[in-house]
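The values are calculated or read from the model by the stated rules, or taken from the named source; none is laboratory data. On a predicted model such as this, the values are computed, not experimentally measured, just so you know. With ideal geometry, Cβ positions are generated from the backbone for all residues, glycine too; neighbour counts draw on all protein chains shown.
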Ligand SMILES: N[C@@H](CCC[C@H](N)C(=O)O)C(=O)O
């Protein structure tokens, strides 16, 4: 890196869930909560829902032991600086970056995450498929928004979700504040999805994300939404086309795993100003 330049960044999104990508293979950057918050701030920073640091698993102290040291690891941070175990849209954008940067060949590639290694496949049409691992229902719970009460299922997608299926018109829900949740069931917070069946395999979804707020899409959330929609239809496995404000993804749920397929777009590349990086 030229000493007159700050760290390199790339901006990208998956169905408008947007991220700042920070290439940092050896873990040289000191990625404080304050820097993540500033990077994600849409006025004083670049603006994003989260940060994806690109680091070799062997260079990250808290990488899970089952992630080989030479695998590229997605060190994900929410906009508030908090660490989350998994980010489904982020993994797609991360894989797109690895291929565009010449760090991985197109096609099948592994990505390390705090939920373990996730196999990813990049497609020539710009779509990316992630094997999201098992999505496990572990309880039932409730929340309430805009005067409506919602019953939902707690789903572990590597990170925690409460996915609520109803016939309520979700467009009108006020998601400016975090929906209330059971703190005993979700001691580390929760992502809350509101799911509206549209007929056939199609559902509409909105989400309030832990550590971010309402986002235009949440990949792990679309998996939780699909599990909940299948449950509501009396099924354990199947597929759903999930329509989120930022676009459309396809989710398939099998007995022991799930896949998420959707677009991944790189928007811009550049370098942070060195003075800004020192005092964001
Ligand atoms: N938007 C992400 C989820 C990011 C993490 C989530 N906010 C959490 O804290 O668990 C996705 O695409 O899955």
### Query
Within the set of pairs 6+ apart or on separate chains, which have a first residue in the stretch 78-91 that is over 15 Å from residue 135 (Cβ atoms) and within 6 Å of the ligand (Cβ to nearest atom), a second that is in a helix (DSSP H, G or I) and modelled with pLDDT of 95 or more, and C-beta atoms under 7 Å apart?
89/219
### Query
Taking the stretch 64-77 as the region of interest, how many residues are part of a strand (DSSP E or B) and more than 16 Å from the ligand (Cβ to nearest atom)?
1
### Message
Please pick out the residue among 112, 102, 90 that is out of contact with any strand residue (DSSP E or B) (no Cβ under 9 Å at 6 or more places or on another chain) and either crowded, with 24+ Cβ neighbours inside 10 Å or not in a helix (DSSP H, G or I) (or both).
### Response
102
### Summary
From the option list 273, 201, single residue qualifying as in the same structural domain as residue 47 (by TED's automatic domain parsing), more than 13 Å from the ligand (Cβ to nearest atom) and surrounded by fewer than 22 Cβ atoms within 10 Å (Cβ to Cβ) is 273
### Unique residue being under 16 Å from the mean Cα position of the chain (by Cα), closer than 16 Å to residue 249 by Cα and part of a strand (DSSP E or B) when the list is 214, 193
193
### Query
Do we have any residue at all in the stretch 253-269 that's modelled with pLDDT of 95 or more, over 21 Å from residue 22 (Cα atoms), more than 14 Å from the ligand (Cβ to nearest atom) and out of contact with any strand residue (DSSP E or B) (no Cβ under 8 Å at 6 or more places or on another chain)?
yes
### Query
Of the residues that make up the stretch 34-56, is at least one more than 21 Å from residue 211 (Cα to Cα), surrounded by fewer than 22 Cβ atoms within 10 Å (Cβ to Cβ) and away from the ligand (no atom under 14 Å from the Cβ)?
yes
### Task
Tell me which residues, restricted to the stretch 163-176, are within 14 Å of the ligand (Cβ to nearest atom) and in contact (Cβ under 8 Å) with a residue 40 or more places away in the chain.
163
